[in-house]
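Right, one structure below, let's go through it.
Every number in this text was worked out from the coordinates using simple rules, so none of it is lab data. Computed from a predicted structure; not experimentally measured. As a convention, Cβ positions derive from the backbone with ideal geometry for all residues, glycine included, and neighbour counts pool all protein chains shown.
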Amino acid sequence: MQLAKLQKNIRNLILDNFNRILNSDLGYSIGRVLIGFYFFFFGLMKIPSFTETHAFMITKSVPFVDITILLTIFIQVVFGALIIINKNVRFSALMLFVLTLLINTYIHNFWNLLPSENFDHELQNFVKNLGIAAGLLILTKYNK
């Protein structure tokens, strides 16, 4: 009997603290920093693998690859960093939202693949990016 009461008290304590964090500025800040870091990190990672990324974008028929790759790196690094430091969050999130939709259209275009050609992997990335895009839209609404 006492064990069940103790488990209930521990569960309530954890849930109360978790809800307090999620409903505070701390929860917003953690989510904002994580989504900003996602873009900042992957933007930076395109620099040392520039040649490979450029070649990959060509295979995916991305238009104006020479400009597009530079613009993608700039948008991911700069606007990711701005979101991390909580500056111009709404505009940065909108820019990254548009970029994410374009990446989904050109890079994760699972509808152009046969099931044996990474179909499942690209479908998973497409859906993951939709979740990231949703998080970016939330940042535009709840920008502090």
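Computed values, structure above
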quantity: Sparse-neighbourhood loop sites, trypsin sites (Lys or Arg not before Pro) in region 21-95 - DSSP loop, at most 11 other Cβ within 10 angstrom; calculated: K87
quantity: Longest to shortest principal axis, alpha-carbon extents of region 2-141, angstrom; calculated: 65, 40, 27
quantity: Tensor-based shape of region 64-105 (alpha-carbon gyration tensor, a/c under 1.5 rounded, otherwise prolate or oblate); calculated: oblate
quantity: Lys, Arg +1 and Asp, Glu -1 on Cβ, resulting dipole of region 2-141 about Cα centre, debye, nearest 20; calculated: 740 debye
quantity: Förster radius 22 Å - calculated FRET efficiency between D66 and L123, Cβ distance, rounded to 0.05; calculated: 0.15
quantity: Proximal aspartates and glutamates relative to K5, as straight alpha-carbon distance under 17 Å, when same-chain residues fewer than 8 apart are discounted; calculated: D16
quantity: Relative contact order, percent, region 2-141 [alpha-carbon distance under 8 Å, six or more residues apart]; calculated: 24 percent
quantity: Out-of-range pairs (alpha-carbon distance over 22 Å; input K60/K141; K46/K128; K87/K141); calculated: K60/K141
quantity: Inter-probe distance in nm under a simple model that places probes 7 Å from Cα toward Cβ, at L15 and I47; calculated: 4.7 nm
quantity: Residue-averaged [θ]222 nm for the chain, counting only DSSP H segments that reach four residues, each worth -39500 (n - 2.57); calculated: -24500 deg cm²/dmol
